[in-house]
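Structure first, then comments.
The values are calculated or read from the model by the stated rules, or taken from the named source; none is laboratory data. This is a predicted model, so every value here is computed, not measured. Reconstructed Cβ throughout: ideal geometry from the backbone, glycine too, with neighbour counts over all protein chains shown.
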Amino acid sequence: KFIKKGGKMSKAVVFGSFVVDLMARSPHLPVPGETVKGSYFKMGPGGKGFNQCVAAHKAGAEVTMVTKLGRDAFGKVATDTMDRLNMPKDNLLFSDTEDTGIALILVDENTAQNEIIIVPCALNTITDEEVKGTEKLLSDAEYVLLQLEVNQDANEKIVKLAKKHNCKVIVNTAPYSPISEEFLSDVYMVTPNEVEAREITGVEVKDLESCNKAANFFKEKGVEIVVITLGEMGAYVSVKEKSAIISPYKVKAVDTTGAGDAFNGALLAALTEGKDIFEAVKFANAGAALSVQKYGTTPSMPDRREIEDFILEQNKK
Ligand code: RIB
């Protein structure tokens, strides 16, 4: 089941962020100047890159994490988590001067909506040398998945190196920050959410027609596959002349933080097995639907068995 049609399951790399998430839940999100008494606090592993890598790993992918940590207690949260999950740590980078990044996450316990501030710290200091150090890893991988939480010049160099080795680049354009046309021209697949799609393309995505318009923006720059996550509407996919919106699984969300990461990680895992993009997106929708039913980010990523059982259960309905 885990084997790619006609051959071996391919390898993947996630190049991106690890931060420690400091998460508080409260009856409503504070407005500027307001102090709100919270009901729950949790500190734990997070960062879009790390969440996505854990999601892909738990979904069955052979995936390696490249991220940059400080030599501090928060960095140990990453290494302890990787030990617990049996993930390879050989490609972790360390800063001798900067701290491990953090994110402050506020979750509204009634609506499950969130607000996040991320402070990248060490993640802003990935050097050319450190990027070069990933060359062997990229040459062995079919996919590398990036986000926009590290210094963008490092992402730009990774894209060039990946291209040299025919490693396909997937960019989850989160959180929104400006990206160049040149960067996009070497990207195989983008996975913005609806807000990022609007910010990058200028198109308000709300239905198939507007999604097609936004997808054309990316395709004109050279991107082959466009996936736009649309929250409660599901996910849009466009490849060659074919496009569709794949409906989501309907579940009761308690915390939507990290849902996009669960989606991207499961998507990556499905692609390394050779699933076509429409099947992969259905699998990713299931990953996201499971993650929103649990609190937290990295800890809410489902494993393979949970995803498969969930899909079987949903198909009976
Ligand atoms: O996507 C959720 C993640 O975004 C959190 O884990 C937080 O660290 C921020 O990077």
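Here are some notes:
- Among the residues making up segment 149-158, those that are crowded, with 21+ Cβ neighbours inside 10 Å and either assigned to a loop (DSSP other than H, G, I, E, B) or of a type in the set (S, T, Y) (or both) are E149, V150.
- Boolean, I245 is at pLDDT 95 or above, more than 16 Å from the ligand (Cβ to nearest atom) and surrounded by fewer than 21 Cβ atoms within 10 Å (Cβ to Cβ): yes
- Filter pass, D21 being buried (at least 24 other Cβ atoms within 10 Å of the Cβ) and either of a type in the set (A, V, I, L, M, F, W, C) or not in a loop (DSSP other than H, G, I, E, B) (or both): yes
- Those residues of segment 230-258 which are in a strand (DSSP E or B), touching a residue at least 40 places away in the same chain (Cβ under 8 Å) and not small (G, A, S), in sequence order: V237
- Restricted to segment 163-188, and to residues there that are of a type outside the set (A, V, I, L, M, F, W, C) and within 16 Å of the ligand (Cβ to nearest atom), the residue that is farthest from G258 (Cα to Cα) is S177.
- Exclusive hit being in contact with a Pro (Cβ under 7 Å, 6 or more places away or on another chain) and over 21 Å from L271 (Cα atoms), set E156, E109: E109
- All positions within segment 41-78 that are more than 16 Å from the ligand (Cβ to nearest atom) and not β-branched (V, I, T): A59, G60, A61, E62, R71, D72, A73, K76
- Scope segment 60-80; condition under 20 Å from L137 (Cβ atoms) and more than 17 Å from the chain's Cα centre (by Cα); matching residues: L69, T79
- Which numbered condition L137 misses (of (1) away from the ligand (no atom under 16 Å from the Cβ); (2) under 27 Å from L29 (Cα atoms); (3) not acidic (D, E)): (2)
- Residues in segment 25-43 that are of a type in the set (G, A, S), at negative phi and surrounded by fewer than 16 Cβ atoms within 10 Å (Cβ to Cβ): G38, S39.
- Summed over segment 117-148, residues that are assigned to a strand (DSSP E or B) and in contact (Cβ under 8 Å) with a residue 24 or more places away in the chain total 6.
- For the residues L104, L85, L92, the requirement of being over 20 Å from T272 (Cβ atoms) and within 16 Å of the ligand (Cβ to nearest atom) singles out L104.
- Some residue of segment 293-306 being closer than 28 Å to D108 by Cα, within 16 Å of the ligand (Cβ to nearest atom), in contact (Cβ under 8 Å) with a residue 60 or more places away in the chain and acidic (D, E): no
- Matching residues, segment 259-317, being small (G, A, S), buried (at least 20 other Cβ atoms within 10 Å of the Cβ) and outside any helix (DSSP H, G or I): G296
- Qualifying residues in segment 250-273 (those that are away from the ligand (no atom under 16 Å from the Cβ) and more than 19 Å from the chain's Cα centre (by Cα)) - the one nearest to K42 (Cα to Cα): K252
- In segment 204-220, residue nearest to V171 (Cα to Cα) [restricted to those that are in contact with a helix residue (DSSP H, G or I) (Cβ under 6 Å, 6 or more places away or on another chain) and crowded, with 19+ Cβ neighbours inside 10 Å]: A214
- Between D96, D108, the distinction of being of a type outside the set (V, I, T), within 21 Å of G258 (Cα to Cα) and more than 21 Å from the chain's Cα centre (by Cα) belongs to D108 only.
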